[in-house]
Amino acid sequence: MAWVVDSCVVLDVALKDPDHGVASALFLEDKRKSGLTVCPVTVVEVAPFFDGDIRNVREFLRVMGSEPMVPWTEVDTEAAVEGWTRYVRLKRAGGTGRRPIADIMIGAFAGRHDGLITRNPEHFRQFFPHLTLVQPPT
């Protein structure tokens, strides 16, 4: 299988973030032997940082070591529905802050892979309790 790389980690490396860029790049290099991929939603999220040119995004992901774009599946949709339903229930009960649908979709996608590489594990843990989450060192 492969590790799913969250948008924030892709951007750490792509933008050479002064606080997280090197640590994220080294962490991805270590995980690369197990395989790396991104959710299609991540491609959409990071595209503006590549001048909106999907070819530039794909080339960066290739150089980063990510598998070619893995398609979204019905299993991903079902997991996203479950995660979003958890979020809405918690939100209505006053038990969670604002969460973008993109995070729910990325977490759902990561569920059928080895896990998710993210700097924001708290964004996913509550909605995907069985998802393996790993964080680059800070």
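Identify all residues within the range 82-105 that are within 17 Å of Pro40 (Cβ to Cβ) and of a type outside the set (D, E, K, R); write none if there are none. Give the derivation first.
Quick first cut of the range 82-105, residues within 17 Å of Pro40 (Cβ to Cβ) only: 83-84, 100-105.
Across the range 82-105, the qualifying residues are Gly83, Trp84, Pro100, Ile101, Ala102, Ile104, Met105.
Among the residues of the range 113-138, what is the count of those that are surrounded by 13 or more Cβ atoms within 10 Å (Cβ to Cβ), of a type outside the set (A, V, I, L, M) and part of a loop (DSSP other than H, G, I, E, B)?
The qualifying residues number 12.
Right, Thr77: in contact with a strand residue (DSSP E or B) (Cβ under 8 Å, 6 or more places away or on another chain) and in a helix (DSSP H, G or I) or not?
Working: in contact with a strand residue (DSSP E or B) (Cβ under 8 Å, 6 or more places away or on another chain): no; in a helix (DSSP H, G or I): yes.
So Thr77 fails the test.
Find the residue count for the range 3-38, including only residues that are more than 12 Å from the chain's Cα centre (by Cα) and under 19 Å from Phe109 (Cα atoms). Steps first, answer last, please.
Within the range 3-38, the first condition is being more than 12 Å from the chain's Cα centre (by Cα), and the residues that meet it are 12-35.
Checking which are under 19 Å from Phe109 (Cα atoms) leaves us with 28, 31-32, 34-35.
The number of residues fulfilling the criteria is 5.
Say we look at the range 119-135 and pick out the residues that are in contact with a Phe, Trp or Tyr (Cβ under 7 Å, 6 or more places away or on another chain) and aliphatic (A, V, I, L, M); which of these is farthest from Asp19 (Cα to Cα)? It would help to see each step written out before you state the result.
First, pick out the residues of the range 119-135 that are in contact with a Phe, Trp or Tyr (Cβ under 7 Å, 6 or more places away or on another chain): 127, 131, 133.
Now restrict to residues that are aliphatic (A, V, I, L, M): 131, 133.
Details: Leu131: 26, Leu133: 20 Å.
The qualifying residue farthest from Asp19 (Cα to Cα) is Leu131.
Are there any pairs, at least 6 apart or on different chains, whose C-beta atoms fall under 8 Å, with the first in the range 1-25 and more than 16 Å from Thr37 (Cα to Cα) and the second of a type in the set (S, T, N, Q) and assigned to a loop (DSSP other than H, G, I, E, B), and if so, which?
Between residues of the range 1-25 that are more than 16 Å from Thr37 (Cα to Cα) and residues that are of a type in the set (S, T, N, Q) and assigned to a loop (DSSP other than H, G, I, E, B), the close pairs are Asp19/Thr138; His20/Thr138; Ala23/Thr138.
Would you mind finding the one in Ala110, Ala102, Ala79 that is within 13 Å of Phe127 (Cα to Cα), touching a residue at least 24 places away in the same chain (Cβ under 8 Å), surrounded by 13 or more Cβ atoms within 10 Å (Cβ to Cβ) and out of contact with any Phe, Trp or Tyr (no Cβ under 9 Å at 6 or more places or on another chain)? Break it down stepwise before answering.
Working: Ala110 fails: out of contact with any Phe, Trp or Tyr (no Cβ under 9 Å at 6 or more places or on another chain); Ala79 fails: out of contact with any Phe, Trp or Tyr (no Cβ under 9 Å at 6 or more places or on another chain).
Result of the check over Ala110, Ala102, Ala79: Ala102.
Consider Val13 carefully, then state whether it is modelled with pLDDT of 95 or more and either out of contact with any His (no Cβ under 7 Å at 6 or more places or on another chain) or farther than 22 Å from Leu131 by Cβ (or both).
Values: modelled with pLDDT of 95 or more: yes; either out of contact with any His (no Cβ under 7 Å at 6 or more places or on another chain) or farther than 22 Å from Leu131 by Cβ (or both): yes.
Considered against the rule, which asks whether it is modelled with pLDDT of 95 or more and either out of contact with any His (no Cβ under 7 Å at 6 or more places or on another chain) or farther than 22 Å from Leu131 by Cβ (or both), Val13 comes out as yes.
Which number in (1) buried (at least 18 other Cβ atoms within 10 Å of the Cβ); (2) over 15 Å from Pro136 (Cα atoms) marks the one condition that Gly65 misses?
Of the numbered conditions (1) buried (at least 18 other Cβ atoms within 10 Å of the Cβ); (2) over 15 Å from Pro136 (Cα atoms), the odd one out for Gly65 is (1).
As an exercise: evaluate Phe50 against (1) buried (at least 19 other Cβ atoms within 10 Å of the Cβ); (2) over 20 Å from Leu133 (Cβ atoms) and give the number of the one condition it does not meet.
(1)
Return the residue satisfying two criteria in turn: it lies in the range 1-58 and is aromatic (Phe, Trp, Tyr) and not in a strand (DSSP E or B), and of such residues it is nearest to Asp103 (Cα to Cα). Before you say what the answer is, go through the steps one by one.
To start, the set of residues in the range 1-58 that are aromatic (Phe, Trp, Tyr) comprises 3, 27, 49-50.
Then keep just the ones that are not in a strand (DSSP E or B); that gives 27, 49-50.
Numbers: Phe27: 21, Phe49: 18, Phe50: 20 Å.
Step by step, filter the range 1-58, then rank; the result is Phe49.
Scan the range 86-100 residue by residue and report those that are under 19 Å from His130 (Cα atoms) and either of a type in the set (Lys, Arg) or at pLDDT 95 or above (or both). First the steps, then the outcome.
From the range 86-100, those under 19 Å from His130 (Cα atoms) are 86-90, 96, 99; that's our starting set.
Result: Arg86, Arg89, Arg99.
The values are calculated or read from the model by the stated rules, or taken from the named source; none is laboratory data. Nothing here was measured: the structure is a model prediction, and the numbers come from that model. Quick reminder, even Gly has a Cβ in these numbers, built from the backbone with ideal geometry, and neighbours come from all protein chains shown.
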